[in-house]
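Chemist: Please read through the structure below; I'll follow up with questions.
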Amino acid sequence: MKVVLLDRDGVINEDRSDYVKDWSEFQFISGSLEALARLTRAGYRILVITNQSVINRKLVSLAGLETIHRNMTQAVAAYGGKIEAIYYCPHVPEDRCGCRKPKAGLILQAQKDYAFDPAHVCMIGDSAKDIECAQRAGCGKTILVRTGYGRHTECACHLNGPKPDHVADDLKSAVEWLLQAESSLRQP
C-alpha cells in the first residue's frame with residue numbers, strides 16, 4: 001500500500017495567522033487540488049496529519065471543524081482526488097499531549113489504522129514540526145513545501161534542522177518530485 005501523509009494548513013490550503021475557523025476562510029493553494037488528484041491516480045492513500053488547536057482555543061466547535069473537513073474532502077473528490085482520513089490534534093501546546101506535532105502520535109495512530117510501514121511513507125509539510133514528527137515516526141521521506149510557513153522553515157532548517165529530504169515550491173511540485181523518485185526506483 002502506498003501512503004502519503006500531508007499537513008493541511010500551508011500545504012493544501014492557505015494558512016492564516018488567525019486560523020481557518022470556517023469554510024468561508026478555507027482557500028486551496030493553487031495547484032493543490034491537481035496534486036491531490038494526481039496522487040490518487042498514482043495509487044496513493046492520502047492521510048492528512050494536522051494540528052488543529054482551534055478546537056481547544058474555542059475558536060471552532062468540533063462540528064465546525066468536521067464541516068470544514070467534509071467540504072475539503074468533497075472538493076478534493078470533485079477534482080478527482082481522495083483523502084482517506086484526517087487525523088487532527090485539538091490541543092494547544094500547553095496541553096503537552098502525545099498527538100500534537102512534532103510528537104508522532106497522529107502518525108502512529110494512522111499507522112495502526114492503515115497498517116503501513118512508515119519507512120515507505122512520505123510526509124509533506126510546511127513546518128519543522130511536520131518534518132520532525134515524520135522523522136520521529138520513522139517516515140522514509142520528508143518533503144518541505146515553501147508555501148505556508150515553508151520559506152521561513154527552510155531557512156531555519158538549514159541552520160539547525162530537522163533536515164527534509166527535499167524542498168519543493170508547493171504541493172504540486174512536491175508530488176512531481178515524489179512520483180519521479182518512485183518512478184526512478186522502479187527502473188532497472
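Computed from the coordinates by the stated procedures, all read-outs in this text should not be read as laboratory data. Quantities reported herein were computed from a predicted structural model and do not represent experimental measurements. Every residue, glycine as well, gets a Cβ built from its backbone with ideal geometry; the counts of neighbours run over all protein chains shown.
Chemist: Remind me, what semi-axes does the chain give for its equivalent ellipsoid, largest first in whole Å, using sqrt of 5 times each Cα gyration tensor eigenvalue? Walk me through the intermediate numbers first.
Modeler: Values: eigenvalues 109, 73, 54 Å².
They are 23, 19, 16 Å, listed largest first.
Chemist: A follow-up question, please. Label points 7 Å out from Cα along the Cβ direction at Lys112 and Asp169: separation in nm?
Modeler: Placing both labels 7 Å along Cα→Cβ, they lie 4.1 nm apart.
Chemist: Which is the longest part of the chain that has none of the trypsin sites (Lys or Arg not before Pro) sitting in a DSSP loop with at most 12 other Cβ atoms within 10 Å?
Modeler: Numbers: sites that count: Lys58, Arg96.
So the longest stretch without any such site is 97-188.
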